[in-house]
Amino acid sequence: MASRENLPRSMRYALTSVPAIQADCQLARFDSTNGVSFSPTGANEIRIRVKANGFLNGAKHYLHFKVTTADADCFVDGDAGSFFERMTIEANGTQVEQIDRYALWNGIRRNYNADVYEINKKSVESGGGQLSSIATTVAGGVDKVALSNLGEEITSTHSKLFCIQLQSGLLMNSHGKALPDGLSELEIVLRLKSANGAIVSIGGTAPSYTIADPRLYCPVYRVMNGDVMSSYNQLASQGISWVGDTVKTYVNSVANTTSATLQLNDRSMSLKALITALRDDTADNTRGTFSNTSFFLGNGTGVVTDYLAKIAGTNYPQSQILIQTASNGLNVGRAYEEAIKSLAKHGEKYANAQVDRHQFKSSNVAYTSATNTGAINSAKGLLCVDLKKFDDAELRMVGLNTASNASPSILEFNIDTPMGSPLDATTFALVEAIWTMDNTGALRVAM
């Protein structure tokens, strides 16, 4: 017997939207509390206190600030997230989230989590690089289109105003939950990155920069229905939890050799992936280098030939990932597969990466001139290991539990020829964090 379930959705007139609960919403503004002007060589930490009178819709927050440069013209490296070396969020003096090497993590995310609408949004709001083209050298080919590392140009003494969203699992949590009403005050601390590491330029004079008037904007809504708030208050008295993805940062130095072992020893309840970016150890001090948006499998002298993670004596993946970037015997498919699985957003199988084959195997990291920027052909290769058991958006704690024992965790890789200089190996452990507000409004985190 036919029923409503047999009908197409276009004929199910009983399926309709329901009226929203009575509420009001305002775009709240939270200014820095420790000054209005900042620089990497002076007052280099921005502090913003956030206390909402209602529910804070963190998914729509943005940080607004003015950047003024001096001494020389320059470009933003990727987007304006490159100006921040570390992001910390504290609640009542307790750290509830911290991302070290924030600019690098932001650069990875902008390349590997980059829907076209997000590329355009960042281009308009945060000086982000755009999809650009260069002529192909392949006979009969078409111009190559790819995401450029080269962000907004800032002429010396000029100012630009940018809007960015912070790569915070607390604010941008997995299910888009608003931060609950009654939550204790949060303090967001942003440490500035050195000029050579934040912006890109060449020439005899190094540029400098200052940031002024930083402030956080975020929608805050209040529910006006007493019955609903009564039910909410009853729930809040028992504690409210939400989950999001954040990263722990591990930094290793790799000698000029043909093999390396990175000590990670992560302790997490749900480790979803290991994401390792290799760069020259001088990348953050070299202003002609795309230090936040370029990371390589090889630097033109040597190249990684294989890698493998070992956690509590078990190989991840079971067989090592082999790599060959030369045209004859090209082999980067498995490494790329691990990268786009590792960097997928919660509940998604693959990341929406704007990284093509040429970029993934490239060794170019330098900006050379306005007519040959190197920003499209720049390297974007990563050593990644996906550790998720499931991709279901409704599930949590889907990663590997490394907190249950004290066994070591390492990443091993081999190089065909020493790369000529030491390397900086930054590994981001992508983990699930559970934030809980207790009945007093205090916030704690477990990860």
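Laboratory data are not the source of any read-out in this text; all were calculated from the coordinates shown. What you see is a predicted model; the values in this text were computed from it and never measured. Quick reminder, even Gly has a Cβ in these numbers, built from the backbone with ideal geometry, and neighbours come from all protein chains shown.
Annotation for region 12-116: chymotrypsin sites (Phe, Trp or Tyr not before Pro) lying in DSSP loop with at most 14 further Cβ atoms inside 10 Å of their Cβ are 13. Spacing of the modelled spin labels on residue 436 and residue 350, each 7 Å from Cα toward Cβ, amounts to 3.8 nm. All Cα-Cα distances of the chain, cut into 20 Å bins from zero to the largest, leave 24, 54, 21, 2, 0 percent in each bin in turn. For the options 68, 276, 301, a Gaussian network treatment of the chain with springs between C-alpha atoms closer than 10 Å singles out 301 as fluctuating the most. Modelled label positions at residue 282 and residue 357, each set 7 Å beyond Cα in the direction of Cβ, lie 3.4 nm from each other. Computed extension length for residue 310-residue 369: 17.0 nm, one decimal, from 0.36 nm per residue of separation with the Cα-Cα distance subtracted. Within the listed set 326, 52, 72, the residue fluctuating most in the Gaussian network model of the chain (springs between alpha-carbon atoms under 10 angstrom) is 326. In this structure, the amide hydrogen of residue 305, modeled 1.01 Å from its nitrogen in the peptide plane, lies closer than 5 angstrom to those of 414, 415, 416, counting only residues at least 5 positions away or on a different chain.
To the nearest Å, what is the center-to-center distance of region 332-352 and region 390-434, using C-alpha atoms only? Comparing the Cα centres of region 332-352 and region 390-434, I get a distance of 14 Å. Here the extension length gained between residue 191 and residue 64 equals 44.2 nm, from 0.36 nm per residue of separation less the Cα-Cα distance. Note that region 290-296 has calculated 3J(HN,Hα) couplings of 6, 6, 9, 10, 10, 7, 10 Hz, one per residue in order, obtained from phi through the Karplus relation 6.51 cos²θ - 1.76 cosθ + 1.60 (θ = phi - 60°); glycine and proline are x. Working ranking of peptides 228-234, 386-392 by packing, defined as the average number of other Cβ atoms within 10 Å per residue, highest first, is 386-392, 228-234.
In the chain, helices alone account for a calculated mean residue ellipticity at 222 nm of -3000 deg cm²/dmol, with every DSSP H run of four or more residues adding -39,500 (n - 2.57). Relative to its Kirkwood radius, the Cα radius of gyration of region 289-380 gives an Rg/Rh of 1.02.
So, R0 is 56 Å and r is the distance between the beta-carbons of residue 24 and residue 405; what FRET efficiency does that work out to, to 0.05? Efficiency at R0 = 56 Å is approximately 0.65. Note on residue 334 and residue 53: with the Förster distance fixed at 45 Å, the Cβ-Cβ geometry gives a FRET efficiency of about 0.30.
Residues of region 67-103 with backbone nitrogen within less than 16 Å of a virtual label 7 Å along the Cα-to-Cβ line of residue 251, please, listed as ranges. 83-88, 98-103, by backbone N distance to the label point. Say we join alpha carbon atoms closer than 10 Å with springs in a Gaussian network model of the chain; which of 287, 357, 101 then has the biggest fluctuation? Between 287, 357, 101, it is 357 that shows the largest mean-square fluctuation. Here residue 121 is the anchor, and the lysines within straight C-alpha reach of less than 26 Å, apart from those fewer than 8 places off in the same chain, are 60, 66, 144, 160, 177, 193, 341, 345, 349, 380. Just so you know, the Rg over Rh for region 80-121 is 1.11, from Cα atoms, with Rh as the Kirkwood radius. Extension gain for residue 155 to residue 389 (0.36 nm times residue separation, less C-alpha to C-alpha distance): 79.4 nm. Rounded to the nearest Hz, the phi-derived 3J(HN,Hα) couplings of region 149-155 under the Karplus curve 6.51 cos²θ - 1.76 cosθ + 1.60 (θ = phi - 60°) are 6, 7, x, 4, 7, 10, 5, where x marks glycine and proline. Along its principal axes, region 105-256 has C-alpha extents of 68, 42, 40 angstrom, given from the largest down.
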